[in-house]
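**Student:** One structure follows; several queries about it will come next.
The values are calculated or read from the model by the stated rules, or taken from the named source; none is laboratory data. Because the structure is predicted, anything quoted here is derived from the model rather than measured. Positions of Cβ are generated from backbone atoms using ideal geometry, with glycine treated the same way; all protein chains shown enter the neighbour counts.
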Amino acid sequence: MDTLINLFVFLVLLSLGFFIGRRNEARHYASIRKREGQLAALPVIAADDWDKSRPVREAWLETACVVISIDYFKRIALALRNIFGGRVLSIEPLLDRARREALLRLKESAAARNADLLVNLRMETSSIYGNKGKKASVGSVELFAYATAIRYDAPQPGMSGNG
Amino acid sequence: MILTNIDTVPNMRIVEHYGLVSGSTVRAKHIGRDIMAGLKNIVGGELKGYTELLNDSRKDAINRMVAQAKALGANAIINVRFATSAVAPGAAELYVYGTAVRVESE
């Protein structure tokens, strides 16, 4: 009886994870793509360089983070993958989503302050774990992004051109 | 206080170095967030409570670093770096460090 109940719970969690998790992922990707399009005009570079010929009005540190959790289905898929080894196709999109989301938040908050450019982008990944021994608590990851935002002086009226 | 993670402050000249300043904070999450996170672990997605917690903690760490720099007489911190480490189950240390300097506009 107990085994049956356990099996039932397992199957419910598995299908919840599979269906809702998949829907969530599709929605998140749709939102990411949309916002990436909106913010495409704000460049982000990993190098420490900007247009030195233009006067800079302001520079500040921008940070953004996102904590994202894996769903039950993917957790089981990972456990199976651990037996055979190889690429974990179920986890790769998770990290991809989190990284793009963190970058988007960074750009959104920089854009809100009228930044022209983000330089020296750094990304950090850390796993977050809950109470040990509880299987359900592993599988969250934090993506943290930071960069220096730069805002140039507005071009003088009359002497502005293209570039 | 100007913070950057590059070697300089654009359009400013560094007139004095005060050395390393840092701030850290160790935060634990509360049980309510843990329960929500447990539910989210089934369907996946963002753990907003944790995102918020880590954001707040980092702000705390930055504030401590800024306070230290202010005490030294600095008006900017350059080359800011962050480090995160999970020190115990359910608790994380957020550490931020940088170089305190005094800058003047060019």
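**Student:** Which residue is nearest to the other protein chains (Cβ to nearest Cβ), if the candidates are limited to region B:37-63 and must be modelled with pLDDT under 85 and either exposed (fewer than 15 other Cβ atoms within 10 Å of the Cβ) or at positive phi (or both)?
**Tutor:** Only one residue tops the list, namely B:Gly44.
**Student:** Modelled with pLDDT under 90, crowded, with 17+ Cβ neighbours inside 10 Å and in a strand (DSSP E or B): which single residue out of B:Thr84, B:Thr99 fits that description?
**Tutor:** None of the other options fit; the residue is B:Thr84.
**Student:** Sticking with this one: Give region B:1-10 a look and list any residue that's surrounded by 14 or more Cβ atoms within 10 Å (Cβ to Cβ) and either among the acidic types (Asp, Glu) or part of a strand (DSSP E or B) (or both), or say none.
**Tutor:** First pass over region B:1-10, keeping only residues surrounded by 14 or more Cβ atoms within 10 Å (Cβ to Cβ): B:1-6, B:8-10.
Those that are surrounded by 14 or more Cβ atoms within 10 Å (Cβ to Cβ) and either among the acidic types (Asp, Glu) or part of a strand (DSSP E or B) (or both): B:Ile2, B:Leu3.
**Student:** A further question on this structure: Going through B:Arg27, B:Arg13 one at a time, which residue ends up being in a strand (DSSP E or B) and touching a Ser or Thr at 6+ places or on another chain (Cβ under 6 Å)?
**Tutor:** Just a single option satisfies the conditions, and that option is B:Arg27.
Yes or no, residue by residue, for (1) surrounded by fewer than 20 Cβ atoms within 10 Å (Cβ to Cβ); (2) of a type in the set (Ser, Thr, Tyr):
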| position | (1), (2) |
| --- | --- |
| A:Ala64 | no, no |
| A:Ala77 | yes, no |
| A:Gly85 | yes, no |
| A:Arg113 | yes, no |
| A:Leu118 | no, no |
| A:Ser127 | yes, yes |
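**Student:** Any idea which residue in region A:1-44 is nearest to B:Ile6 (Cα to Cα), counting only those that are in contact (Cβ under 8 Å) with a residue 40 or more places away in the chain and more than 11 Å from chain B (Cβ to nearest Cβ)?
**Tutor:** Applying the filter and picking the extreme gives A:Val44.
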